[in-house]
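Participant: Here's a structure for you.
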Amino acid sequence: MISVDDARARLVAAVRPLPAEIVDLKQAHGRVLAATLRAGTDQPPFPASAMDGYALRAEDGADALATLEVIGEAAAGRPFDGRVGPGQAVRIFTGAIVPSGADAVVMQEDAGRDGGQVTLTVPLKSGQFVRQQGLDFRAGEPLLDAGTLLRPAALALCAAMGHATLPVTRKPRVGVLATGDELVRPGTALAPGQIVNSNTYGLIALLERWGAAPLDLGIAADTRASLEAATERAMGCDLLITLGGASVGDHDLVQEVLGQGGIDFYKVAMRPGKPLMFGSTGSVPLLGLPGNPVSSLVTAILFALPLLATLQGRADDPLAKAFDVLPLAGDMPANDQRQDYRRAQIVAAPDGTLSVRPFKVQDSSMLRVFATSDALIERPPHAPAACTGEPVRVVRLDLI
């Protein structure tokens, strides 16, 4: 068996980022930039008022009680066509161009209007309430690096930069293949010995959330012919993930049939998820996850997520961002030689302090427990018993 860290390192080293494609800005949420993005314009593109009020020369408003002549109005999208001279002011609204000659804005709350005149009640300084041209960024500036995950704020920035389309890494096409004679689809009447295939649905949801384009390859029976037919369906994928059959029992044929491109490893020193396999089927990378429902989802988080991040060319490590250290809200026994990931709930105290409480039952078949978990408590090999209040490393499921 190899360690969790070694297995993860081998996975990400085996793949490269996928090619880029151009997509419309509206379709780019959750995608990864494939090239550095530069601003196409200044932002703001002109000196703009930050307030509703009056635009004037700061030297004319250096003293309170100055009275000025109002010579026009400037609104967003409707500039004042003229120049502000000595003793003059222009009624202005937020977002409007500050007229030529003016270099400050007085808020309407700090001015009194009387017909064609306005009297200031506070002194002004040059630049007051004026957003200078290029305050946010200048045309040509590199603002987003290749490898950036495009979240809503980043997309708004892309739009402000003047980009209607974006270069992004192509979505990884991931084939998902469940294996096992005992599996049937949800809604099917169960014959003796059969169980519902739940793993595919949880995994596909995770893959979609992580920016992949999953392809449900169905359920393969425990026969060479069925697995070989599934292999044909997987051609053209960027990654094939199998569910179950990764062990070396008499009926576990995934490694033998699908791993003809070579198997890098097939056991990891962890719980749940020891029978984890990585290799290739033809030219397609192959990740074989365990068949137990909780094991398949836990290993998907720990291994499929970093693999997809590499295929997408992400500059950050999404799994690393999910790690946290929290105090225990319950005792834990000593651990054995395998790295353990125990399902747990995050508990908030009245003062907002967080702690993490492990579930008492940790069987890898129990989806009910996993579905109510907020975290995985990571227990290193041979970790001693831990008492309430001790800090432990956790994977925050709410951050993935």
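The values are calculated or read from the model by the stated rules, or taken from the named source; none is laboratory data. Keep in mind it's a predicted model, so treat the numbers as computed, not measured. Every residue, glycine as well, gets a Cβ built from its backbone with ideal geometry; the counts of neighbours run over all protein chains shown. We work out accessible area using only protein heavy atoms, side chains counted, and drop any ligands, DNA or RNA first. Shrake-Rupley method; radii C 1.70, N 1.55, O 1.52, S 1.80 Å.
Participant: Within 13 Å, Cβ to Cβ, of PRO380, how many net charges do the neighbouring residues add up to if Lys/Arg are +1 and Asp/Glu are -1?
Facilitator: Result for the local shell: +1.
Participant: Moving to a separate point now. Arrange the peptides 113-125, 182-194, 66-78, 161-173 so that the one whose residues have, on average, the most other Cβ atoms within 10 Å appears first. Walk me through the intermediate numbers first.
Facilitator: On the way: 113-125: 14.2, 182-194: 11.1, 66-78: 16.2, 161-173: 18.7.
The most tightly packed comes first, giving 161-173, 66-78, 113-125, 182-194.
Participant: Now a separate question. Considering amide H positions built from the backbone, and no H for Pro or chain starts, which residues 5 or more places from PHE265, or on another chain, come under 5 Å of its amide H?
Facilitator: For PHE265, the qualifying residues are PHE278.
Participant: What's the carbon and sulfur percent of the range 1-40's accessible surface, probe 1.4 angstrom, rounded to a whole number?
Facilitator: Values: 1170 of 2290 Å².
Looking at the range 1-40 in its full context, I get 51 percent from C and S.
Participant: Tell me, what is a quarter of the convex hull surface for the C-alpha atoms of the range 16-87, in nm² with one decimal?
Facilitator: Details: hull surface 35.6 nm².
Mean projected area of the Cα convex hull: 8.9 nm².
Participant: If eta is 0.692 mPa s and T is 37 °C, what Stokes-Einstein diffusion coefficient results for the chain, Kirkwood Rh from Cα pairs, in µm²/s?
Facilitator: The Stokes-Einstein estimate is 129 µm²/s.
Participant: Would you look at the GNM of the chain, springs on alpha carbons closer than 10 Å, and say which of SER126, SER365, SER49 moves the most?
Facilitator: Evaluated over the chain, the most mobile residue of the options is SER126.
Participant: How much net charge surrounds GLN88 when only the other residues with a Cβ under 10 Å from the Cβ of GLN88 are counted, with Lys and Arg +1 and Asp and Glu -1?
Facilitator: Every neighbour counted, the sum reads 0.
Participant: Rounded to the nearest 20 Debye, what is the dipole magnitude of the chain about its Cα centre when Lys and Arg each give +1 and Asp and Glu each give -1 at the C-beta?
Facilitator: So the magnitude is around 620 debye.
Participant: Next up: Over the range 144-296, what percent of the accessible surface lies on carbon and sulfur atoms, probe 1.4 Å?
Facilitator: In the range 144-296, the share of accessible area belonging to carbon and sulfur is 55 percent.
Participant: Give the residue from GLY262, LEU37, PRO391 lying farthest towards the positive end of the charge dipole for the chain; charges sit on Cβ (+1 for Lys and Arg, -1 for Asp and Glu) and the dipole is referred to the Cα centre.
Facilitator: GLY262
Participant: If you don't mind, another one. Could I get the Rg over Rh figure for the range 136-225? Both from C-alpha atoms, Rh via Kirkwood, rounded to two places.
Facilitator: Radius of gyration relative to Kirkwood radius: 1.26.
Participant: Continuing with the same structure: Can you give the accessible area per residue of the chain, in Å², using a 1.4 Å probe?
Facilitator: 46 Å²
Participant: Could I ask something else about it? Between the range 331-400 and the range 125-192, what is the C-alpha centre distance in whole Å?
Facilitator: The range 331-400 and the range 125-192 have Cα centres separated by 31 Å.
Participant: While we're here: Please list, in order along the range 206-215, the HN-Hα scalar couplings obtained from phi with the Karplus expression 6.51 cos²θ - 1.76 cosθ + 1.60 (θ = phi - 60°), rounded to whole Hz, x for Gly and Pro.
Facilitator: 5, 4, 5, 5, 8, x, 8, 10, x, 10
Participant: Hey, can you grab everything whose amide H is under 5 Å from the amide H of ASP340? Only 5+ residues off in sequence or another chain; H modelled, so Pro and N-termini drop out.
Facilitator: ARG271, ARG379
Participant: Pairing the Cα long axis of helix 224-234 with the longest principal axis of the chain, what angle in degrees results, from 0 to 90 and rounded to the nearest 10?
Facilitator: With both axes taken from Cα atoms, the answer is about 10 degrees.
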